[in-house]
1. Using each residue's phi in the range 6-13, evaluate 6.51 cos²θ - 1.76 cosθ + 1.60 at θ = phi - 60° and report the 3J(HN,Hα) Karplus result to the nearest Hz, with x for Gly and Pro.
2. Where a Cα-Cα gap under 22 Å defines reach, which lysines qualify for residue 40, not counting those fewer than 8 residues away within the same chain?
3. Can you pull the Kirkwood radius for the range 99-140, inverse mean 1/r over Cα pairs, to one decimal in Å?
4. Give the longest segment of the chain that steers clear of trypsin sites (Lys or Arg not before Pro) in DSSP loops with at most 11 neighbouring Cβ atoms within 10 Å, not counting the sites themselves.
5. I need the calculated FRET efficiency for the pair residue 65 and residue 113, taking r as the beta carbon distance and R₀ as 41 Å, to the nearest 0.05.
6. Cut-off is 10 Å between beta-carbons; in what order do 36, 87, 3 appear when sorted fewest neighbours first?
Amino acid sequence: MYEFIQKFHSGWAYLALLLLVVAVANSILGFFSKREFTSKDKKIALFALIVTHVQLTVGLVLYFLSPLGLSAFGDMKNAALRLTSLEHPLTNIIAIVLITIGWSKHKKIVESTPKFKAFTIFYGLGLLLILSRIPWSLWF
């Protein structure tokens, strides 16, 4: 079961990153072109939100099952173990909180340009944080 969850978490990450990149690019283009915020824009952001939350849920399950997760938490001198047991999960939780804040903020905004701005800022920060703490050596 551990191997399945690990493979799913790694594979789903491609989808999560792709949708986040598309959502951020869409919001940047919408912001600078001053176009109207449509249901298509909302769906792109919503799919990115859902996929990242699924990734977080699977990641938290994996964190408690993996020998590189909670069980390795005490070995903070080892950079690779520190990345997988502390930095990766904590940074990704913060990133997904930012993405969720971006989603919540857009619902309270009426005008299109500020909606795109909220998505650009919060989804963009979330994407940058996620990219900064991917354990690349384990992923490829």
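1. Values, residue by residue: 5, 5, 5, 4, 5, x, 5, 4 Hz.
2. Counting by Cα, and skipping residues close in sequence, residue 40 has these lysines nearby: 105, 107, 108, 115, 117.
3. On the way: mean 1/r = 0.0883 Å⁻¹.
For the range 99-140, inverting the mean 1/r across all distinct Cα pairs yields 11.3 Å.
4. The answer is 78-140.
5. With R0 = 41 Å, the Cβ-Cβ based efficiency is 0.40.
6. Values: 36 12, 87 15, 3 8.
So the ranking, lowest neighbour count to highest, is 3, 36, 87.
Here, each number is a calculation from the coordinates, and none is a lab measurement. Remember, predicted model here, so these are calculated numbers, not experimental data. Positions of Cβ are generated from backbone atoms using ideal geometry, with glycine treated the same way; all protein chains shown enter the neighbour counts.
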